[in-house]
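Since the structure comes first, as structure tokens, the remarks are kept for the end.
Quick note: the coordinates plus some simple rules give every number you see, no bench work behind them. Please read all numbers here as calculations on a predicted model, not as lab measurements. Cβ placement follows ideal geometry from the backbone for every residue including glycine, while neighbour counts extend to all protein chains displayed.
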Amino acid sequence: CDAIYRASKKNKVPDEGQEYPTSVKRKDLIEKFFDKMEKGHALVEMPGSRIIKIGRGAPPSVDIEVENRQGNKRKFLTRIRGMEEYGIDGKSFANDVSHRFACSASVETNPVGRPALKKNRVEIVFQGRLDVELTALLSGDEGMSTHGGAKNANFNLPKSVINVVLRKGIPAKKK
């Protein structure tokens, strides 16, 4: 009862008039217990179920950002960062994507005018608008993209960790 029904250390304010119940349904007890627990995640390499990392909070995100090229409204740049947390090497990924989608790619270790990167992390800049194609490639969902380059990918990231940001002036793609 103390572990489940008393005020948490974070709140430090006990609920007014709340007393310990004399009986509780199993479903309510389980829900209350899981509400008290902190969220966590585990990164698992699937062939073999080898655990790569266990951590607190939400899993790390892979950020895909689309922006206009300087001075041009019809040409785009796609930036991606955060793949290293999932065991994807940035340079080999850039080479693979540039061959799959016939675009140029550059790997930046210290991007100018952008948020700093952690040690041994890279930001990859692709020429063109590749947000849907990169999402399809990383998630392994071939039906998401009409481009044939997303097929036969060995990446299986959950779609919930892929963040796509469209900068100002970028229209949403028509389905």
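Things to note:
- Dipole axis of segment 64-171 (+1 Lys, Arg; -1 Asp, Glu on Cβ), positive-most option in 68, 87, 160: 68
- Sequence-distant residues sharing a close amide H with residue 76 (under 5 Å, placed H): 69, 128, 129
- Sum of side-chain charges, residue 158 neighbourhood, beta-carbon under 13 Å (Lys, Arg +1; Asp, Glu -1): -1
- Principal-axis tilt of helix 90-101 within the chain, Cα atoms, nearest 10 degrees: 60
- Stretched out straight at 0.36 nm per residue, the stretch from residue 24 to residue 108 would grow longer than its current Cα-Cα span by 24.6 nm.
- Selected from 99, 146, 113, residue furthest toward positive end of dipole (segment 79-148; charges at beta carbon): 113
- Candidate cross-link partners of residue 91 among the aspartates and glutamates, defined by an alpha-carbon separation under 15 Å and a same-chain spacing of 8 or more, comprise 108, 123.
- Test item: Cα-centred dipole of the chain, Lys/Arg +1 and Asp/Glu -1 on Cβ, debye: 540
- Per-bin percent of Cα-Cα distances, segment 101-141 [10 Å]: 25, 42, 31, 1
- Per-residue ellipticity at 222 nm, computed for the chain from helices alone with -39500 (n - 2.57) per DSSP H run of at least four residues, works out to -6000 deg cm²/dmol.
- Charge context of residue 77, other residues only, Cβ under 15 angstrom, K/R +1, D/E -1: +3
- Amide H to amide H, with H built 1.01 Å from N, residue 162 comes under 5 Å of 62, counting only residues 5 or more places away or on other chains.
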